[in-house]
Amino acid sequence: MSEGLLPESVLFETTNGVLTITLNRPKALNALSLEMIRAMDPMLRRAAQDASVRCVVLQGAGERAFCAGGDVRAVAQAVNAGDMAVADAFFREEYTLNHLLHTYPKPIISLIHGVCMGGGVGLSAHGPLRVVAESLLFAMPETGIGLFPDVGGTWVLNRMPGEIGLYLGLTGARLAAADACAIGFATHHVKDADLPALRAALVEAAPGTEAEADAVISRFDQPRGESALLAQQAQIDRLFAGDSIEAILAALEADGSDWAKVQAETLRHKSPTSLKITLAQLRGGKGLDIAAVFVREYRLSQHCMAGPDFREGIRALLIDKDHAPKWSPATLAAVTPLLVESFFAPLPGRELDLSVNAGLTA
């Protein structure tokens with residue numbers, strides 16, 4: 001465990017070859033801090049090369065959340081104090097951990113209950129087995145705080161059906177378990193009450209392959225239920241097909257349905273810059289490999305840290321809680337193509353280097 005980490009923030013237990021990692025900040029909805037990242041990363045690296053470890057289970061403590069996201073408030077406070085090194089370290093090390101999970105040589109099983117947003121999606125979406133409980137509340141709400149759907153959101157959202165990923169990334173819409181299963185975020189659906197028994201069964205079986213883990217989880221699998229989101233896909237595909245945010249808004253306004261009006265109003269409250277860079281991120285990120293995704297998202301993160309909207313979004317949502325951010329630029333028209341392009345510019349001398357994740361073997 002890394003120096004300076006409060007022991008209770010993240011817990012590790014290895015039993016019968018199963019490494020269980022528990023995010024343990026339930027009062028903070030298990031928000032992911034830099035210290036927690038620095039504890040998990042070396043532990044996962046050691047486990048990857050330890051022949052006695054067969055698989056990894058990720059879970060969140062408490063009844064309310066798997067992980068509500070990264071501890072963006074702490075990052076914003078550091079940026080406000082002029083400490084850009086914290087913003088660099090947080091995103092660099094978080095994305096390195098996300099990429100490690102994506103390329104991990106052993107099965108990773110995420111047991112996801114309650115709130116799973118932002119950084120929580122980054123911890124869970126990159127493993128092959130994603131078990132959601134009935135209480136799941138999934139979202140990628142970053143455009144509301146002057147960011148973009150990061151932690152590999154380019155990869156995750158672009159693999160959802162049609163324009164659903166773009167819709168979720170722009171609006172921050174919240175999904176329940178049935179929707180998460182229908183669009184591919186979840187691989188299994190279980191009862192909240194069964195999570196402890198499922199984890200115990202995994203520890204007993206000590207599965208060393210995805211197929212072996214799947215066989216254990218399937219004993220607890222529950223019917224997915226109907227997905228309202230999937231039933232609405234045709235409308236989403238039609239209204240979110242535009243090649244600009246302005247075109248998407250125009251389509252929503254022309255549609256005139258109550259649902260479309262709500263989506264248009266939602267978009268008007270988001271950061272105009274975040275909306276435009278998110279559209280460019282997702283549309284331009286199709287076909288990228290996972291390493292290229294994280295290199296590109298790291299660039300975006302650092303340009304966002306240097307701009308005003310992230311700090312303003314955190315102020316409005318988490319500090320003053322007036323929910324009245326003053327975005328800059330304040331309008332979509334003022335977010336020029338040149339400005340959008342600047343967010344994707346390389347970072348000479350400090351690009352994200354993922355070579356540290358190469359060569360891990362079971």
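Mind checking which aspartates and glutamates have their C-alpha under 13 Å from K106, skipping anything on the same chain fewer than 8 residues away?
The qualifying aspartates and glutamates are D50, E210, E212.
Rounded to the nearest 20 Debye, what is the dipole magnitude of region 7-357 about its Cα centre when Lys and Arg each give +1 and Asp and Glu each give -1 at the C-beta?
Using Cβ point charges on Lys, Arg, Asp and Glu, region 7-357 gives about 240 debye.
Per the Cauchy relation, a quarter of the hull surface: what is the mean projected area of the convex hull of the alpha carbons in region 7-357, in nm²?
Values: hull surface 67.9 nm².
Value for region 7-357: 17.0 nm².
At 7 Å along the Cα-to-beta-carbon direction for both Q222 and R350, put a label point, then send me their distance in nm to one decimal.
4.6 nm
Where does the chain land at 222 nm, in deg cm²/dmol rounded to the nearest 500, when only DSSP H runs of n ≥ 4 count, each adding -39500 (n - 2.57), divided by all residues? Each step should come with its number before you reach the end.
Details: 17 runs with 165 residues, N = 362.
Only helices count here, giving -13000 deg cm²/dmol.
Using Cα atoms only, what is the angle between the long axis of helix 84-102 and the major principal axis of the chain, expressed in degrees (0 to 90) to the nearest 10?
The two axes meet at around 60 degrees.
Rounded to the nearest 10 degrees, what's the angle between the helix 272-284 long axis and the longest principal axis of the chain, both from Cα atoms, 0 to 90?
Compared with the principal axis, the helix lies near 60 degrees.
Provide the per-residue ³J(HN,Hα) series for region 56-65, in order, calculated from phi with Karplus coefficients 6.51, -1.76, 1.60 and θ = phi - 60°, each as a whole number of Hz, with x at glycine and proline positions.
10, 10, 10, 8, x, 7, x, 9, 9, 7
What is the list of residues in region 118-158 whose amide nitrogen lies under 12 Å from a point 7 angstrom out from the Cα of A247, following Cα to Cβ?
The answer is none, because no backbone nitrogen lies closer than 12 Å to the label point.
From Cα pairs below 8 angstrom and at least 6 apart in sequence, can you work out the relative contact order of region 1-152, rounded to a whole percent? Show your work: numbers first, answer last.
Values: 288 pairs, mean separation 33.5, N = 152.
This gives 22 percent for region 1-152.
Counting only other residues whose beta carbon sits under 14 Å from that of A260, what net charge do I get with K and R as +1, D and E as -1?
Numbers: positive: R238, K261, R268; negative: E163, D237, E253, D255, D258, E265.
After counting each charged neighbour, the total is -3.
Could you tell me the relative contact order of region 7-357? Use alpha-carbon pairs under 8 Å, at least six residues apart, and round to a whole percent. Walk me through the numbers on the way to the answer.
On the way: 636 pairs, mean separation 59.1, N = 351.
It comes to 17 percent, rounded to a whole number.
So, counting K/R as plus one and D/E as minus one, what does the shell of residues with Cβ under 14 Å around L100 add up to? Before the final figure, lay out the partial values.
Numbers: positive: R38, R45, R46, R92, K106; negative: D41, E93, E94, D353.
Residues near L100 contribute +1 overall.
What does the charge count around D221 come to, taking other residues whose C-beta lies under 12 Å from its C-beta (Lys +1, Arg +1, Asp -1, Glu -1)?
Working: positive: K191, R219, R224; negative: D194, D214.
Overall, the nearby charge balance is +1.
HN-Hα J couplings of region 13-23 from phi, Karplus 6.51/-1.76/1.60, θ = phi - 60°, integer Hz, Gly and Pro as x?
9, 10, 9, 6, x, 10, 8, 9, 10, 10, 6
Just to confirm the number: angle between the C-alpha axis of helix 34-48 and the first principal axis of the chain, 0 to 90 degrees, nearest 10?
Taking the Cα atoms of the chain, the angle to 34-48 is about 50 degrees.
What does the highest-first list of 172-185, 227-240 look like by mean Cβ count within 10 Å?
Numbers: 172-185: 21.3, 227-240: 16.9.
Packing proxy ranking, top to bottom: 172-185, 227-240.
For region 184-246, what is the relative contact order in percent, using Cα pairs closer than 8 Å and at least 6 residues apart in sequence?
Details: 23 pairs, mean separation 24.8, N = 63.
Worked out over region 184-246, it gives 39 percent.
Taking the dipole about the Cα centre of region 7-357, with the C-beta of Lys and Arg at +1 and of Asp and Glu at -1, give me whichever of V79, I319, P223 is farthest to the positive side.
So the residue furthest toward the plus end is V79.
Whole-Hz ³J(HN,Hα) for each residue in region 329-334, computed from phi via Karplus 6.51 cos²θ - 1.76 cosθ + 1.60 with θ = phi - 60°, x for glycine and proline: what do you get?
Computed from phi, the couplings for region 329-334 are x, 8, 10, 4, 4, 7 Hz.
Quick note: the coordinates plus some simple rules give every number you see, no bench work behind them. Note that the coordinates shown come from a computational prediction; the quantities given were computed from them, not determined experimentally. Please note: Cβ atoms are built from the backbone with ideal geometry, for glycine as well, and neighbour counts cover all protein chains shown.
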